[in-house]
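Undergrad: So that we are looking at the same thing, I have put the structure below in C-alpha coordinates.
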Amino acid sequence: IEQERLLDNIRRKAWVRISPRVEDAFLRNPRHFFVRNFSVDYDHWIEVDRETVYNYLPLIYSDATLLIWDKDGFLSTISQPSLVLHMLELLDVHEGMRVFELGTGSG
(Lines give C-alpha, C1' and ligand atoms only; values in the text may rest on other atoms or scores of the structure.)
Protein backbone atom coordinates (compact mmCIF):
# COMPACT_ATOMS: atom_id res chain seq x y z
CA ILE A 1 0.00 0.00 0.00
CA GLU A 2 2.84 2.41 0.85
CA GLN A 3 4.51 1.75 -2.51
CA GLU A 4 1.22 2.55 -4.30
CA ARG A 5 0.77 5.71 -2.22
CA LEU A 6 4.30 6.82 -3.13
CA LEU A 7 3.58 6.16 -6.81
CA ASP A 8 0.39 8.25 -6.60
CA ASN A 9 2.35 11.13 -5.03
CA ILE A 10 5.00 10.93 -7.75
CA ARG A 11 2.33 10.96 -10.49
CA ARG A 12 1.21 14.36 -9.20
CA LYS A 13 4.59 15.88 -10.04
CA ALA A 14 4.36 17.60 -13.40
CA TRP A 15 7.85 16.60 -14.54
CA VAL A 16 7.44 12.84 -14.02
CA ARG A 17 5.74 10.68 -16.65
CA ILE A 18 5.32 7.02 -15.71
CA SER A 19 4.50 4.41 -18.33
CA PRO A 20 2.57 1.27 -17.36
CA ARG A 21 5.66 -0.95 -17.82
CA VAL A 22 7.82 1.19 -15.51
CA GLU A 23 4.97 1.44 -13.01
CA ASP A 24 4.64 -2.35 -12.99
CA ALA A 25 8.38 -2.85 -12.42
CA PHE A 26 8.33 -0.26 -9.64
CA LEU A 27 5.45 -1.96 -7.85
CA ARG A 28 7.15 -5.38 -8.10
CA ASN A 29 10.24 -4.13 -6.22
CA PRO A 30 9.23 -2.85 -2.78
CA ARG A 31 11.62 -0.20 -1.49
CA HIS A 32 11.68 -1.53 2.06
CA PHE A 33 13.44 -4.69 0.81
CA PHE A 34 16.51 -2.52 0.16
CA VAL A 35 16.45 -0.43 3.34
CA ARG A 36 17.60 -2.04 6.59
CA ASN A 37 19.56 0.73 8.30
CA PHE A 38 18.88 4.29 7.28
CA SER A 39 18.82 7.96 8.13
CA VAL A 40 17.19 11.02 6.68
CA ASP A 41 19.61 13.47 8.29
CA TYR A 42 22.93 11.79 9.32
CA ASP A 43 22.07 12.37 12.99
CA HIS A 44 19.30 9.88 13.65
CA TRP A 45 19.98 6.36 12.39
CA ILE A 46 17.23 3.76 12.31
CA GLU A 47 17.88 0.03 12.20
CA VAL A 48 14.94 -2.03 11.01
CA ASP A 49 14.19 -5.73 10.81
CA ARG A 50 11.24 -7.79 9.65
CA GLU A 51 9.17 -6.84 12.68
CA THR A 52 10.02 -3.15 13.00
CA VAL A 53 10.17 -2.18 9.33
CA TYR A 54 6.43 -1.52 9.29
CA ASN A 55 6.86 1.22 11.90
CA TYR A 56 9.03 3.17 9.45
CA LEU A 57 7.22 2.68 6.15
CA PRO A 58 6.14 6.35 5.87
CA LEU A 59 9.81 7.41 6.04
CA ILE A 60 11.04 4.61 3.78
CA TYR A 61 8.35 5.35 1.21
CA SER A 62 8.89 9.08 1.08
CA ASP A 63 10.01 10.52 -2.24
CA ALA A 64 13.43 11.23 -0.82
CA THR A 65 16.97 9.95 -0.97
CA LEU A 66 17.79 7.91 2.12
CA LEU A 67 21.23 7.43 3.65
CA ILE A 68 21.92 3.76 4.26
CA TRP A 69 24.62 1.79 6.06
CA ASP A 70 25.46 -1.79 6.84
CA LYS A 71 27.03 -3.55 9.83
CA ASP A 72 30.53 -2.66 8.63
CA GLY A 73 29.67 1.03 8.57
CA PHE A 74 29.50 1.39 4.78
CA LEU A 75 27.54 4.52 3.92
CA SER A 76 25.67 5.05 0.69
CA THR A 77 22.27 6.22 -0.49
CA ILE A 78 19.13 4.82 -2.01
CA SER A 79 17.98 7.18 -4.73
CA GLN A 80 14.90 9.37 -4.72
CA PRO A 81 12.09 7.24 -6.27
CA SER A 82 10.77 9.95 -8.62
CA LEU A 83 14.27 10.42 -10.05
CA VAL A 84 14.68 6.67 -10.59
CA LEU A 85 11.31 6.46 -12.35
CA HIS A 86 12.25 9.41 -14.54
CA MET A 87 15.60 7.79 -15.45
CA LEU A 88 13.86 4.52 -16.33
CA GLU A 89 11.48 6.37 -18.64
CA LEU A 90 14.39 8.13 -20.34
CA LEU A 91 16.11 4.76 -20.85
CA ASP A 92 12.97 3.37 -22.50
CA VAL A 93 13.23 0.12 -20.56
CA HIS A 94 11.21 -2.82 -21.88
CA GLU A 95 10.26 -6.25 -20.57
CA GLY A 96 13.20 -8.59 -20.30
CA MET A 97 15.71 -5.79 -19.85
CA ARG A 98 17.59 -5.32 -16.60
CA VAL A 99 18.79 -2.02 -15.16
CA PHE A 100 21.72 -1.58 -12.80
CA GLU A 101 22.10 1.85 -11.23
CA LEU A 102 25.87 2.06 -10.95
CA GLY A 103 27.18 3.46 -7.72
CA THR A 104 24.29 2.45 -5.48
CA GLY A 105 24.84 0.81 -2.16
CA SER A 106 21.27 -0.43 -1.94
CA GLY A 107 21.25 -2.73 -4.94
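Undergrad: Is it the case that the range 59-74 has a residue that's open to solvent by less than 30 Å² (accessible area, probe 1.4 Å) and touching a residue at least 60 places away in the same chain (Cβ under 8 Å)? If you could, list the steps in order and put the result at the bottom.
TA: Just the residues of the range 59-74 that are open to solvent by less than 30 Å² (accessible area, probe 1.4 Å), to begin with: 60-61, 66-68.
Subset that is touching a residue at least 60 places away in the same chain (Cβ under 8 Å): none.
No.
Undergrad: Another question, then. Those residues that are of a type in the set (Asp, Glu) and either part of a loop (DSSP other than H, G, I, E, B) or over 19 Å from residue 99 (Cα atoms) (or both), I need them from the range 18-48; list them, please.
TA: So in the range 18-48, the residues of a type in the set (Asp, Glu) come out as 23-24, 41, 43, 47.
Residues satisfying the conditions are 41, 43, 47.
Undergrad: OK, next. Would you say residue 14 is of a type in the set (A, V, I, L, M) and loosely packed, with under 10 Cβ neighbours inside 10 Å?
TA: Answer is yes for this residue.
Undergrad: Residue under question is residue 30, and the condition is that it be within 23 Å of residue 5 (Cβ to Cβ), under 14 Å from the mean Cα position of the chain (by Cα) and open to solvent by less than 70 Å² (accessible area, probe 1.4 Å); does it hold?
TA: Details: within 23 Å of residue 5 (Cβ to Cβ): yes; under 14 Å from the mean Cα position of the chain (by Cα): yes; open to solvent by less than 70 Å² (accessible area, probe 1.4 Å): yes.
So residue 30 fits the description; yes.
Undergrad: Kindly check whether there is at least one residue in the range 74-89 that is out of contact with any strand residue (DSSP E or B) (no Cβ under 8 Å at 6 or more places or on another chain), aromatic (Phe, Trp, Tyr), outside any helix (DSSP H, G or I) and over 14 Å from residue 6 (Cβ atoms).
TA: Of all residues in the range 74-89, those out of contact with any strand residue (DSSP E or B) (no Cβ under 8 Å at 6 or more places or on another chain) come to 74, 79-89.
So of that shortlist, the ones also aromatic (Phe, Trp, Tyr) come out as 74.
Retained after the next criterion (residues that are outside any helix (DSSP H, G or I)): 74.
When the remaining residues are screened for being over 14 Å from residue 6 (Cβ atoms), the result is 74.
Yes, the range 74-89 contains a residue that is out of contact with any strand residue (DSSP E or B) (no Cβ under 8 Å at 6 or more places or on another chain), aromatic (Phe, Trp, Tyr), outside any helix (DSSP H, G or I) and over 14 Å from residue 6 (Cβ atoms).
Undergrad: Keeping to the range 49-73, report how many residues are in a loop (DSSP other than H, G, I, E, B), closer than 27 Å to residue 1 by Cβ and touching a Lys or Arg at 6+ places or on another chain (Cβ under 9 Å). Quick ask: steps written out before the conclusion?
TA: Here is the first cut: in the range 49-73, the residues in a loop (DSSP other than H, G, I, E, B) are 49-52, 61-65, 70-73.
Add one more test, that the residue is closer than 27 Å to residue 1 by Cβ, and what stays is 49-52, 61-65.
Checking which are touching a Lys or Arg at 6+ places or on another chain (Cβ under 9 Å) leaves us with 49, 61, 63.
Residues meeting the conditions: 3.
Undergrad: I would also like to ask the following. Those residues that are closer than 12 Å to residue 30 by Cα and in a loop (DSSP other than H, G, I, E, B), I need them from the range 1-17; list them, please.
TA: 1, the sole residue that qualifies.
Undergrad: Looking only at the range 67-90, which residues are more than 23 Å from residue 24 (Cβ to Cβ) and either touching a Phe, Trp or Tyr at 6+ places or on another chain (Cβ under 9 Å) or hydroxyl-bearing (Ser, Thr, Tyr) (or both)?
TA: Step one: of the range 67-90, the residues more than 23 Å from residue 24 (Cβ to Cβ) are 67-77.
Within the range 67-90, 67, 68, 69, 75, 76, 77 meet the criteria.
The values are calculated or read from the model by the stated rules, or taken from the named source; none is laboratory data. Values in this document were obtained by computation on a predicted structure and should not be read as measured data. Neighbour counts run over all protein chains shown; Cβ positions are idealised from the backbone, glycine included. Heads up: the accessible areas ignore ligands, DNA and RNA and are worked out on the full protein's heavy atoms, side chains in. Shrake-Rupley method; radii C 1.70, N 1.55, O 1.52, S 1.80 Å.
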